[in-house]
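The values are calculated or read from the model by the stated rules, or taken from the named source; none is laboratory data. Because the structure is predicted, anything quoted here is derived from the model rather than measured. Cβ sites come from the backbone with ideal geometry, for glycine too, and all protein chains shown count toward neighbours. Surface areas here come from the heavy atoms of the whole protein model, side chains and all, with no ligands, DNA or RNA. Shrake-Rupley method; radii C 1.70, N 1.55, O 1.52, S 1.80 Å.
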Amino acid sequence: MLLAAGLALFYLFARRVRIFKSRKLFALALVVAAAAAFQAKAFHPFTHAAKLTHRVVVERENLKHMDWTPAWKVLSARPAYKNYVLVVGESERRDYMNAYGYPADDPPFMSRAPGIVYEGFTAEGDNTIPSLTRTLTLPDPKSLRPRYEYNLVDLAREAGFSTAWFSNQGYVSPFDTPVTAVGARSERSRWLK
């Protein structure tokens, strides 16, 4: 709709200032303009990824200068179990997991592990970094921006749990991504790559 309105305005402007002396040249210009608009839309995933990458870089710089004092006020904690393990399988689809009905024993430990398998959990972002950042922090209810002073690792520590973070992701520094910054809050952490 917006493209059609833009082309109509372009046509009216072109007729008024007589840019095109022939209708064939004008038709060619319209085809080129439509192709350019389509091409811009076709490249949207790339421009979107570039914007997200820029946002992560800015966020990483902000994390370096942030006050990481935990904001949680835990009144009491009565754990029902001795150990809690949270496994985050990003890039994994539930329809390929035996715990959710996939016929093969994949991944094997999930089917045999005594634990709770959550139903209906939906990723909070369209790629790993924003999704895990929002999952591991309590975001602001209005802006949905992460509030790092309310993160899952600090909550567990404030409740008296020992915390450890094991990641199959690479590690450059404690602030290479917001997810790494949260993981580095653990008492013990290890990045495998």
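Can you find a residue that is within 22 Å of the chain's Cα centre (by Cα) and β-branched (Val, Ile, Thr) anywhere in segment 87-105?
Within segment 87-105, one or more residues are within 22 Å of the chain's Cα centre (by Cα) and β-branched (Val, Ile, Thr).
In segment 179-193, which residue that is part of a loop (DSSP other than H, G, I, E, B) and touching a Ser or Thr at 6+ places or on another chain (Cβ under 7 Å) is least open to solvent (accessible area, probe 1.4 Å)?
Among those residues, the one meeting the criterion is Ser186.
Is it the case that some residue within segment 90-98 is closer than 30 Å to Ala159 by Cβ and at pLDDT 80 or above? Outline the logic, then answer.
So in segment 90-98, the residues closer than 30 Å to Ala159 by Cβ come out as 90-92, 94, 97.
Applying the additional criterion that residues be at pLDDT 80 or above yields 97.
Yes: one or more hits.
Checking the conditions here, which among Asp176, Asp126 is in contact with a Lys or Arg (Cβ under 8 Å, 6 or more places away or on another chain), outside any helix (DSSP H, G or I) and either acidic (Asp, Glu) or exposed (fewer than 13 other Cβ atoms within 10 Å of the Cβ) (or both)? Don't jump to the end; show me each part of the working.
Values: Asp126 fails: in contact with a Lys or Arg (Cβ under 8 Å, 6 or more places away or on another chain).
Selected residue: Asp176, the only one of Asp176, Asp126 that is in contact with a Lys or Arg (Cβ under 8 Å, 6 or more places away or on another chain), outside any helix (DSSP H, G or I) and either acidic (Asp, Glu) or exposed (fewer than 13 other Cβ atoms within 10 Å of the Cβ) (or both).
So, in segment 134-173, of the ones that are among the polar types (S, T, N, Q) and assigned to a loop (DSSP other than H, G, I, E, B), which residue ends up nearest to Leu63 (Cα to Cα)?
It comes out as Ser173.
Here is a yes/no grid of residues against (1) open to solvent by 50 Å² or more (accessible area, probe 1.4 Å); (2) at pLDDT 65 or above; (3) closer than 30 Å to Ser131 by Cβ:
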{"residue": "Met1", "(1), (2), (3)": "yes, no, no"}
{"residue": "Ile19", "(1), (2), (3)": "yes, no, no"}
{"residue": "Ser22", "(1), (2), (3)": "yes, yes, no"}
{"residue": "Phe26", "(1), (2), (3)": "no, yes, no"}
{"residue": "Ala37", "(1), (2), (3)": "no, yes, no"}
{"residue": "Lys41", "(1), (2), (3)": "yes, no, yes"}
{"residue": "Leu63", "(1), (2), (3)": "no, yes, yes"}
{"residue": "Pro79", "(1), (2), (3)": "yes, yes, yes"}
